[in-house]
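Trainee: This structure is in structure tokens; I'll ask about it shortly.
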Amino acid sequence: MKCLIVEDDFTARKLMQRYLSSYSDCDIAADGVEAIEAFRLAVDDNAPYDLICLDIMMPNMDGRQALKAIRQIESECGIAGLDCVKVIMTTALDDSENVMGSFREGCEAYIVKPVAKDKLIEEMANFGLIEAVSK
Ligand SMILES: [Mg+2]
């Protein structure tokens, strides 16, 4: 499995990497611009991501703009249905405008920081990316 962690905060990025590295190859992007670049490269290389963990508050381009751009690229490339990347928003923002807006823009899950490893793993299992782990 291949995932992209999009996060501008170094500590949060390291934490996410630690949580995910035993399940997945992890690439890192520090803002929305890098995220789109990484996403496009992966599609062009025929090695798309299975999962993107996407922060919202980031410089240059925020996570919601990046999400819209990623869904746009998928639709332009004819990527649809189950072939679409699973996107989990991982953010400190918990207001309904951001939560509802992100789902409208095409995320599959929304985790409010601090991200709990259990929650993250549970969502990955829900998507069928990993086998469900019994606690
Ligand atoms: Mg941030």
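The values are calculated or read from the model by the stated rules, or taken from the named source; none is laboratory data. Please read all numbers here as calculations on a predicted model, not as lab measurements. In this analysis, Cβ positions are derived from the backbone assuming ideal geometry, glycine residues included, and neighbour counts consider all displayed protein chains.
Trainee: Those residues that are of a type in the set (Val, Ile, Thr), farther than 21 Å from TYR110 by Cβ and either more than 16 Å from the ligand (Cβ to nearest atom) or crowded, with 19+ Cβ neighbours inside 10 Å (or both), I need them from segment 22-49; list them, please.
Mentor: Hit for segment 22-49 is VAL43, nothing else.
Trainee: Taking MET89 as the residue in question, decide whether it is farther than 22 Å from MET124 by Cβ, touching a helix residue (DSSP H, G or I) at 6+ places or on another chain (Cβ under 6 Å) and either within 13 Å of the ligand (Cβ to nearest atom) or assigned to a strand (DSSP E or B) (or both).
Mentor: Taking the combined requirement at face value, the residue does not satisfy it.
Trainee: Next question, about the same structure. Specify which of the listed residues (LYS86, LYS68) is more than 11 Å from the chain's Cα centre (by Cα) and within 21 Å of VAL112 (Cβ to Cβ).
Mentor: After ruling out the rest, the residue left standing is LYS68.
Trainee: List the residue pairs whose Cβ atoms are under 6 Å apart, where the first residue sits in segment 76-104 and is buried (at least 20 other Cβ atoms within 10 Å of the Cβ), the second is among the small types (Gly, Ala, Ser), and the two are 6 or more positions apart or on different chains.
Mentor: What qualifies is ILE88/ALA109; MET89/SER102.
Trainee: Residues being more than 12 Å from the chain's Cα centre (by Cα), within 15 Å of the ligand (Cβ to nearest atom) and either under 24 Å from ASN46 (Cα atoms) or part of a loop (DSSP other than H, G, I, E, B) (or both): count how many of those fall in segment 1-16.
Mentor: 2
Trainee: Related question: Cβ-Cβ under 8 Å, sequence separation 6+ or interchain: first residue in segment 40-62 and part of a helix (DSSP H, G or I), partner hydrophobic (A, V, I, L, M, F, W, C). Which pairs?
Mentor: As it stands, the answer is ARG40/ILE73; ALA42/LEU4; VAL43/ILE73; VAL43/CYS77; VAL43/ILE79, since those pairs meet every condition given.
Trainee: Moving on. Answer yes or no: is there a residue in segment 66-77 that is within 16 Å of the ligand (Cβ to nearest atom) and of a type in the set (S, T, N, Q).
Mentor: No, the conditions are met nowhere in segment 66-77.
Trainee: A follow-up question, please. With (1) under 14 Å from CYS84 (Cβ atoms); (2) not in a helix (DSSP H, G or I) as the list, and SER22 as the residue in question, which single condition is left unmet?
Mentor: (1)
Trainee: Right, next: Could you check how many residues of segment 50-61 are under 14 Å from GLU37 (Cα atoms) and either within 8 Å of the ligand (Cβ to nearest atom) or over 9 Å from the mean Cα position of the chain (by Cα) (or both)?
Mentor: Residues flagged as under 14 Å from GLU37 (Cα atoms) and either within 8 Å of the ligand (Cβ to nearest atom) or over 9 Å from the mean Cα position of the chain (by Cα) (or both) within segment 50-61 amount to 2.
Trainee: Identify, by number, the condition in (1) away from the ligand (no atom under 12 Å from the Cβ); (2) at pLDDT 95 or above that LEU82 doesn't meet.
Mentor: (2)
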